[in-house]
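These notes are about the structure you will find just below.
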Amino acid sequence: MACSRSLIVEENFQCSICLSVFTKPVSIPCGHNFCFECISNYWDTTKTFPCPLCKEEFLTKPMLRVNTVIAEMAAKLKSKVQEKSTGISEQAGNGNVFCTMCTGARAAALKSCLVCFMSLCEEHLKPHQTILALKKHKLINPVENLENRICETHEEPLELFCKVDHMFVCGACKDTDHKNHKIVTLEEEAEMRKTQLGNEKTHADEMIQSRQQKIQEIQKSMDASRNNAAKALSCSLHVTTALADYIKRSQAELTKPQVKDWSDVTLTSDQFEVQGALAKLETTVMREVSMLCDPDLKEKQQHAVDVTLDPDTAHPQLAVSADGKQVTHGGRKRNVPNKRERFDHVLNVMAKEGFSSGKFYYEVQVKDKPQWDLGVVNESINRKGDIRLSPKNGYWTIWLRKGHEFTANTGPAINLPVREVPQKVGVFVDYEQGQVSFYDVDTKANIFSFTGCNFTEKLFPFFSPCANDDGKNSAPLIIAPVKYNN
């Protein structure tokens with residue numbers, strides 16, 4: 001039985017990558033063990049970190065620590081194997097097993113008999129090959145320590161192998177303790193293991209070849225990336241110069257407004273290829289920077305116009321001030337003519353002034369208002385019944401709801417991330433360029449821009465103070481006086 005235990009120990013302490021007894025064994029989360037260097041080298045060739053045996057993948061590389069218990073047992077096993085090898089060499093010379101029956105100079109044994117309990121040379125083996133009774137004895141390849149091949153319980157040869165308990169058994173064991181287990185001969189088990197090791201070696205060779213190909217592919221990709229980067233760098237000087245100037249002007253403007261906290265703001269840009277990359281980079285960076293502080297806002301403010309509210313367009317429940325600069329929701333319905341240009345269902349009002357060319361800019365105070373709508377609209381918009389705000393219907397607007405929810409009514413709508421709710425909103429329109437932009441006047445930050453619009457008729461500034469909401473939204477929308485182009 002000692003030999004069976006030795007086989008089990010050796011199997012349990014073999015690395016499935018190098019097929020040798022563990023050196024610095026480590027355990028991974030799935031429970032399998034490998035040599036530290038074997039599993040490290042294996043993972044160096046993979047994007048994720050799979051187990052070579054069960055194929056379970058780990059998204060992050062597990063921390064590897066030497067399993068001291070397995071390491072000590074593996075070391076003891078190596079020591080025993082080395083001692084046994086040394087002993088056999090001293091006794092038999094060149095690894096041979098000597099004949100038990102020889103006297104004097106003993107010849108090398110050809111077979112060992114598990115019945116006679118002897119190792120036999122060619123001469124002394126002849127009776128087992130000719131005598132009928134001896135032919136029935138169990139002969140195996142010559143081994144030392146034949147006592148280890150005898151069952152300690154039944155004193156019969158251990159000529160079978162139990163695949164359930166992974167141990168050598170004799171014929172009596174087969175019919176008792178291992179009666180319902182799968183039993184095979186030692187030859188069958190040896191052949192199966194030889195085949196299994198061959199398959200594992202083939203798989204390991206294929207895996208190594210695959211990893212080498214992957215390394216070559218990665219190297220080619222890196223070389224191509226370096227070439228692309230060189231090409232992009234060679235033609236980027238004029239664009240980067242323009243970006244640097246734009247960012248410097250933005251930084252100068254950013255130092256003027258009083259802001260609270262910009263620490264978590266980051267600039268992002270898509271991965272780009274050489275063709276068209278620089279134009280896309282310039283657009284992306286300028287858009288991101290403008291959301292911090294647009295250095296071009298000062299120039300846009302030079303196109304400020306005097307805007308007044310048109311009472312003939314105001315919903316009957318809206319109160320427009322005598323000077324046409326303020327509007328609130330009064331709650332009561334005014335007795336006013338139901339004109340064609342008047343909104344009759346939603347709390348909207350338009351400006352008297354319309355624009356069909358050029359650029360114009362105006363500002364609206366929205367302080368202390370948790371809800372409001374602002375923007376520009378086509379002259380021909382529908383003003384009766386329920387209205388859907390979208391460019392398709394002639395509305396280019398943004399709104400605030402619940403005091404913090406910003407939305408661009410693009411159809412479908414877009415939620416707008418803002419760092420703080422503005423107190424005053426600037427609206428800029430470039431008719432020919434098809435652009436409508438909204439700004440936080442105090443911080444000079446761009447809130448949102450409609451671009452690529454196709455304007456074909458006169459545009460009018462548009463306002464909605466929204467419902468009073470029991471006094472929670474009672475503050476007026478106030479059109480700021482013109483002060484930039486004087």
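Values as computed for the structure displayed
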{"item": "Of residues in the range 82-107 being surrounded by 14 or more Cβ atoms within 10 Å (Cβ to Cβ) and of a type in the set (Val, Ile, Thr), the one modelled with the lowest pLDDT", "result": "88"}
{"item": "Residues satisfying the stated conditions in the range 406-429, i.e. assigned to a strand (DSSP E or B) and in contact (Cβ under 8 Å) with a residue 60 or more places away in the chain", "result": "424, 425, 426, 427, 428, 429"}
{"item": "Qualifying residue in the range 131-148 (condition: open to solvent by 40 Å² or more (accessible area, probe 1.4 Å), touching a residue at least 60 places away in the same chain (Cβ under 8 Å) and touching a helix residue (DSSP H, G or I) at 6+ places or on another chain (Cβ under 8 Å))", "result": "yes"}
{"item": "Yes/no for residue 464 being under 14 Å from residue 397 (Cα atoms) and open to solvent by less than 30 Å² (accessible area, probe 1.4 Å)", "result": "yes"}
{"item": "Residue selected from the range 177-204 under the condition in contact (Cβ under 8 Å) with a residue 12 or more places away in the chain, part of a loop (DSSP other than H, G, I, E, B) and not basic (Lys, Arg), by the criterion surrounded by the most Cβ atoms within 10 Å (Cβ to Cβ)", "result": "178"}
{"item": "Those residues of the range 301-326 which are open to solvent by 40 Å² or more (accessible area, probe 1.4 Å), outside any loop (DSSP other than H, G, I, E, B) and farther than 17 Å from residue 338 by Cβ, in sequence order", "result": "319, 326"}
{"item": "Considering residues of the range 331-379 that are within 45 Å of the chain's Cα centre (by Cα) and among the β-branched types (Val, Ile, Thr) only, the residue surrounded by the most Cβ atoms within 10 Å (Cβ to Cβ)", "result": "376"}
{"item": "Check on residue 403, part of a loop (DSSP other than H, G, I, E, B), within 19 Å of residue 367 (Cβ to Cβ), without any contact (Cβ under 8 Å) to a residue 60 or more places away in the chain and of a type outside the set (A, V, I, L, M)", "result": "yes"}
{"item": "Test: residue in the range 15-27 that is open to solvent by 60 Å² or more (accessible area, probe 1.4 Å), modelled with pLDDT of 80 or more and either among the β-branched types (Val, Ile, Thr) or in contact with a helix residue (DSSP H, G or I) (Cβ under 9 Å, 6 or more places away or on another chain) (or both)", "result": "yes"}
{"item": "Any chance residue 67 is modelled with pLDDT of 80 or more and surrounded by 14 or more Cβ atoms within 10 Å (Cβ to Cβ)", "result": "yes"}
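The values are calculated or read from the model by the stated rules, or taken from the named source; none is laboratory data. Note that the coordinates shown come from a computational prediction; the quantities given were computed from them, not determined experimentally. FYI the Cβ positions are ideal-geometry reconstructions off the backbone, even for glycines, and counts take in every protein chain you see. Please note that ligands, DNA and RNA were not included when accessible areas were found on the heavy atoms of the full protein model with its side chains. Shrake-Rupley method; radii C 1.70, N 1.55, O 1.52, S 1.80 Å.
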